[in-house]
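Participant: Would you mind keeping the following structure in view while I ask a few things?
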Amino acid sequence: DDGQFQRKRRGNLPKEATNILKTWYNTHLHSPYPTEEEKYQLMHQTQLTLNQVSNWFINQRRR
């Protein structure tokens, strides 16, 4: 198995990242849909991918 190309299959996002996302979410409860620009800001703050940020919001809104 090629250790070099192993991807993390699954695992929770880092706590710092979810804290940043939760803070944004809780201050935008009236409209918890970040714009593309806001998603890019969150990506930089959390070091997550656009996919991870988008999916987190999709899941969070379902909870």
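The values are calculated or read from the model by the stated rules, or taken from the named source; none is laboratory data. Predicted, not measured: the structure shown is a model, and the values here were computed from it. Counting neighbours? That spans all protein chains shown, and the Cβs are built from the backbone with ideal geometry, glycine included.
Participant: Could you please tell me which pairs satisfy a Cβ distance under 6 Å, a separation of 6+ or placement on different chains, a first residue in segment 39-50 that is in a loop (DSSP other than H, G, I, E, B), and a second residue that is of a type outside the set (Ser, Thr, Tyr) and crowded, with 17+ Cβ neighbours inside 10 Å?
Facilitator: Matching pairs, first to second residue: Leu48/Ala17.
Participant: When both residues are 6+ apart or on different chains and their Cβ atoms are under 6 Å apart, which pairs have a first residue that lies in segment 12-37 and is closer than 13 Å to Val53 by Cα, and a second that is in a loop (DSSP other than H, G, I, E, B) and among the hydrophobic types (A, V, I, L, M, F, W, C)?
Facilitator: From residues that are closer than 13 Å to Val53 by Cα, the pairs are Ala17/Leu48.
Participant: Do you know which residues across segment 32-63 are under 8 Å from the mean Cα position of the chain (by Cα) and surrounded by 10 or more Cβ atoms within 10 Å (Cβ to Cβ)?
Facilitator: We begin by selecting, within segment 32-63, every residue under 8 Å from the mean Cα position of the chain (by Cα); these are 42-43, 46, 48-57.
The answer is Leu42, Met43, Thr46, Leu48, Thr49, Leu50, Gln52, Val53, Ser54, Asn55, Trp56, Phe57.
Participant: Right, another one. Identify all residues within segment 3-31 that are among the charged types (D, E, K, R), loosely packed, with under 12 Cβ neighbours inside 10 Å and either at pLDDT 85 or above or not in a loop (DSSP other than H, G, I, E, B) (or both); write none if there are none.
Facilitator: Let us first name the residues in segment 3-31 that are among the charged types (D, E, K, R), namely 7-10, 15-16, 22.
If we keep only those that are loosely packed, with under 12 Cβ neighbours inside 10 Å as well, we get 7-10, 15-16.
Hits for segment 3-31 are Lys15, Glu16.
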